[in-house]
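Each remark here refers to the structure printed beneath this line.
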Amino acid sequence: MKRTFKREKKPKAEDVQSITGGRTRQESSAVGERELLDKAREIFENEPRLIALPNNGKAVFVGDTHGDLDATEKVTEKYLNEENMIVFLGDYVDRGDHSLENILHLLRLKVEYPQNLILLMGNHEGFVIKEFYPANFWLSLSLEKREMFDRTLFHLPFAVYSANGILGLHGALPDLEWLEDINEIKPGDGFWNQIVWGDFQDMEGDVLGDYLGRPQFGRDYFNRVMARFDKTVLIRAHQPNVSANMFTKRCLTLFTSYAYLPFRSIAVVDLAKPEISSLDQVDVEFI
Ligand SMILES: [Mn+2]
């Protein structure tokens, strides 16, 4: 039977007062943030970097939200329940108006529903690992707070896969021999850079070089690495300016933020299907 999760009631002001022992609102929210980040870190530390999706139910993939809290709320209100897996493909902060609220909301949901929500790492979660500009969220934080967020986000997983042929990650494929080698990737190394910073171009070619610190990859690279990993369809995000469908219906690029585009796309995959051989078997929705 389908059951949606109840939202937690907001505590009354006097409850907050008694929990926090008379601290001011600002102090208590900082304490709350630190506790939330600690709890979430513990969960991420116990997740592998490569997560296997189950063979039943649906997987819902969400592209970059970039401070679009409304997008996050719409997707999770509609799909976060015990029967679905929701996979956010990274880039929760910067650009949009509600970066802090967006990342805190996602971390709260992760603590509440650790089994049904997966938060992958995007390049914007790795500011402390590899700096970039502009970065309005990170630069709005004190150095101490940046480190506090980094201690948690450093442990985010990098990729998900399903037995029926799907691979999900933020940017581009890592040039590894085995899919399982993703578990050995360290934040900041070359494979990490390919996953969170990599771009695809729908043209012939393998490794196409580097564009402003973003490694570029073509069709031959895509086919080569997907064959090695024995996967058919890649669902990723990161590039708002490419065709959603690349490499002959085998690479879907999602973007789920009004900070970038006038539409917000997500994808729904039936995990019980024996095989997903092309994007024809993936439902794209707009929220
Ligand atoms: Mn990105």
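Some observations on this one:
- Close contacts from the stretch 114-126, counting a first residue that is under 16 Å from Val75 (Cα atoms) and in contact (Cβ under 8 Å) with a residue 24 or more places away in the chain and a second that is in a helix (DSSP H, G or I) and of a type in the set (Lys, Arg), with Cβ to Cβ under 9 Å and a gap of 6+ residues or different chains, come to Leu117/Lys110; Ile118/Lys110; Leu119/Lys110.
- Positions within the stretch 199-245 being away from the ligand (no atom under 16 Å from the Cβ), touching a residue at least 40 places away in the same chain (Cβ under 8 Å) and under 23 Å from Val60 (Cβ atoms), in sequence order: Met226, Phe229, Lys231, Thr232, Val233, Ser243
- Single condition Val196 does not satisfy, out of (1) within 14 Å of the ligand (Cβ to nearest atom); (2) part of a helix (DSSP H, G or I); (3) touching a residue at least 40 places away in the same chain (Cβ under 8 Å); (4) more than 28 Å from Leu69 (Cβ to Cβ): (4)
- A single entry from Leu100, Leu107, Leu36 fulfils the requirement of being away from the ligand (no atom under 16 Å from the Cβ), farther than 21 Å from Leu234 by Cα and either under 12 Å from the mean Cα position of the chain (by Cα) or part of a strand (DSSP E or B) (or both): Leu107.
- Test: residue in the stretch 44-56 that is over 30 Å from Ile276 (Cα atoms), modelled with pLDDT of 95 or more and assigned to a helix (DSSP H, G or I): yes
- Enumeration of residues in the stretch 134-162 that are in contact with a Leu (Cβ under 8 Å, 6 or more places away or on another chain) and under 19 Å from Asn183 (Cα atoms): Arg151, Thr152, Leu156, Pro157, Phe158, Ala159, Val160, Tyr161, Ser162
- Tyr161 of a type outside the set (Lys, Arg) and more than 16 Å from the ligand (Cβ to nearest atom): yes
- Members of the stretch 215-240 that are surrounded by fewer than 18 Cβ atoms within 10 Å (Cβ to Cβ) and closer than 29 Å to Glu77 by Cβ: Pro240
- Residues in the stretch 57-97 that are more than 12 Å from Leu119 (Cβ to Cβ) and part of a helix (DSSP H, G or I): 9 in all.
- Tally, over the stretch 132-151, of residues that are in a loop (DSSP other than H, G, I, E, B), free of Cβ contacts under 8 Å to residues at least 60 places away in the same chain and within 15 Å of the ligand (Cβ to nearest atom): 3
- Residue match in the stretch 116-131 (condition: away from the ligand (no atom under 16 Å from the Cβ) and farther than 28 Å from Ala272 by Cα): no
The values are calculated or read from the model by the stated rules, or taken from the named source; none is laboratory data. Keep in mind that what you see is a predicted model, and the values were worked out from it rather than measured. Methodologically, a virtual Cβ is constructed for each residue, glycine included, from the backbone with ideal geometry; neighbour enumeration extends over all protein chains shown.
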